[in-house]
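Enquirer: Below are the structure tokens for one structure; questions will follow.
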Amino acid sequence: MAMLSAYRRITVKIGSALLVDRKTGLKRGWLAALVADIARLKAGGADVVVVSSGAIALGRTILGLGRRQLKLEESQAAAAAGQIALAQAWSEELARHAITAGQVLVTLGDTEERRRYLNARATIGTLLKLGAVPVVNENDTVATTEIRYG
């Protein structure tokens, strides 16, 4: 942690495998430990942005979809069920440290179209100014190509 104290803004990327156990769902203890580290970084003056995967993986568990190959609409449904649970988990764990979470869902199109990119960037910047931790994830409920290949 000491080596990170020199940085003003830190982005933490969390992949699905770190956050979700395919059999039991969300790894709540692991998330709690990570959030404690994030709280220490914020207490040291850093802005923290979280990029969190896991909506589809968590939704698979919630909806009982197992490990089989999913159709596009099943992946989108898993994302819808998983994203709400994922956002709630981030919000609850950050709240234990008196930190507000702000959910930012983006699509590939949001990064390709300048106006939408600037809107997302402004939202993240405002959340940081207000002391919140933006939790960014791809909006897999409407993504198509990205789910198939991403």
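The values are calculated or read from the model by the stated rules, or taken from the named source; none is laboratory data. Computed from a prediction, not measured in an experiment: that's the story for all the values here. Methodologically, a virtual Cβ is constructed for each residue, glycine included, from the backbone with ideal geometry; neighbour enumeration extends over all protein chains shown.
Enquirer: If we keep just the residues of the stretch 1-30 that are over 24 Å from Lys129 (Cα atoms) and hydrophobic (A, V, I, L, M, F, W, C), which is surrounded by the fewest Cβ atoms within 10 Å (Cβ to Cβ)?
Expert: Ala17
Enquirer: Could you tell me whether Gly54 is in contact with a Leu (Cβ under 8 Å, 6 or more places away or on another chain) and not β-branched (Val, Ile, Thr)?
Expert: Against the criterion (in contact with a Leu (Cβ under 8 Å, 6 or more places away or on another chain) and not β-branched (Val, Ile, Thr)), Gly54 qualifies.
Enquirer: May I ask you to say which residue of Ala78, Ala122, Ala87 is in contact with a Lys or Arg (Cβ under 7 Å, 6 or more places away or on another chain) and either in a helix (DSSP H, G or I) or among the polar types (S, T, N, Q) (or both)?
Expert: Ala78
Enquirer: Which one is modelled with the lowest pLDDT among residues in the stretch 129-150 that are surrounded by fewer than 18 Cβ atoms within 10 Å (Cβ to Cβ) and assigned to a helix (DSSP H, G or I)?
Expert: My answer is Tyr149.
Enquirer: Could you say which residue among Asp37, Asp47 is buried (at least 18 other Cβ atoms within 10 Å of the Cβ) and within 27 Å of Leu128 (Cβ to Cβ)?
Expert: Asp47
Enquirer: How many residues are in a loop (DSSP other than H, G, I, E, B) and out of contact with any Lys or Arg (no Cβ under 8 Å at 6 or more places or on another chain) when one looks only at the stretch 31-52?
Expert: 1
Enquirer: Does Arg9 fit the bill of being under 25 Å from Gly125 (Cβ atoms), touching a residue at least 24 places away in the same chain (Cβ under 8 Å) and basic (Lys, Arg)?
Expert: When the stated conditions are applied, Arg9 passes them.
Enquirer: If we keep just the residues of the stretch 94-109 that are outside any loop (DSSP other than H, G, I, E, B) and either touching a residue at least 24 places away in the same chain (Cβ under 8 Å) or of a type in the set (S, T, N, Q) (or both), which is surrounded by the most Cβ atoms within 10 Å (Cβ to Cβ)?
Expert: Leu94
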